[in-house]
1. Would you mind telling me which numbered condition in (1) under 28 Å from residue 42 (Cα atoms); (2) in contact (Cβ under 8 Å) with a residue 24 or more places away in the chain; (3) part of a helix (DSSP H, G or I) residue 139 fails?
2. Just one of the numbered conditions (1) in contact with a helix residue (DSSP H, G or I) (Cβ under 7 Å, 6 or more places away or on another chain); (2) over 19 Å from residue 161 (Cα atoms); (3) surrounded by fewer than 17 Cβ atoms within 10 Å (Cβ to Cβ) is not true of residue 42; which one?
3. Looking only at region 47-68, count how many residues are over 24 Å from residue 87 (Cα atoms) and in contact with a helix residue (DSSP H, G or I) (Cβ under 6 Å, 6 or more places away or on another chain).
4. Can you name the condition, by its number, that residue 42 falls short on among (1) under 26 Å from residue 129 (Cα atoms); (2) in contact (Cβ under 8 Å) with a residue 40 or more places away in the chain; (3) assigned to a helix (DSSP H, G or I)?
5. Would you list the helices (runs of 4 or more DSSP H) that sit entirely within region 56-121 and hold 3 or more residues that are without any contact (Cβ under 8 Å) to a residue 60 or more places away in the chain and buried (at least 16 other Cβ atoms within 10 Å of the Cβ)?
6. Restricting to region 177-195, name every residue that is surrounded by 12 or more Cβ atoms within 10 Å (Cβ to Cβ) and touching a residue at least 40 places away in the same chain (Cβ under 8 Å).
7. If I ask for residues that are outside any loop (DSSP other than H, G, I, E, B) and farther than 16 Å from residue 85 by Cβ, which ones from region 164-183 would you list?
8. Could you list, in sequence order, all residues of region 22-38 that are assigned to a helix (DSSP H, G or I) and under 16 Å from the mean Cα position of the chain (by Cα)?
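What follows is calculated from the coordinates using simple rules that are stated; it is not laboratory data. Bear in mind the structure is a predicted one, so any value in this text is a computation, not a measurement. FYI the Cβ positions are ideal-geometry reconstructions off the backbone, even for glycines, and counts take in every protein chain you see.
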């Protein structure tokens, strides 16, 4: 059966506050020199791939990575706010220890219901995020049918796309590792989806 699309799904490179969890979400943090090297290595891996179009989140950690990879491909780079990481609401930019101190018991609530939990202050749940990401992905796949697509996005965003491709419930999303600078490859056919690589 003829493939409709191949998706090269990338997580951005290492970020400046990578040492310990920070709820960066919509916070526009930069990548480190290691993060740039990760993206350069990925650009080398993908230099002979026939990428037809590139998309990234509008957050600089994803946009920078997409621009590095794009140097080897003379194609359009589309920047979409819909591809942003989850919105952490009032937790934005906080470290794990700050969240524990200022919001006692909330991280435990999140762990018990990772799909539906929302951080205080208009935060998104993972379910909310999926309702933002998946329609955007479907639109991209339809508009770019027949092309191999590169998307540079974020850890939770990529996990939602992978769960969708694998038919996994969102409650299993953190069973899928997404390292900084990793590559996932998903093939889309008319009647099924084939995941060729995860966290490569």
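1. Answer for residue 139: the failing condition is (2).
2. (3) is the only condition that residue 42 fails.
3. Taking region 47-68 and keeping what is over 24 Å from residue 87 (Cα atoms), we get 47-53, 68.
In the following step, the residues that additionally are in contact with a helix residue (DSSP H, G or I) (Cβ under 6 Å, 6 or more places away or on another chain) were identified as 68.
Number satisfying all stated conditions: 1.
4. Every listed condition holds for residue 42 apart from (1).
5. Hits in region 56-121: 60-70.
6. Kept after step one, since they are surrounded by 12 or more Cβ atoms within 10 Å (Cβ to Cβ), are these residues of region 177-195: 178-189, 193-195.
Residues satisfying the conditions are 178, 179, 180, 181, 182, 183, 184, 185, 186, 187, 188, 189.
7. Taking region 164-183 and keeping what is outside any loop (DSSP other than H, G, I, E, B), we get 164-166, 170-175, 183.
The answer is 164, 165, 166, 171, 172, 175, 183.
8. Residues of region 22-38 that are assigned to a helix (DSSP H, G or I), as a first pass: 33-38.
35, 38, listed by residue number.
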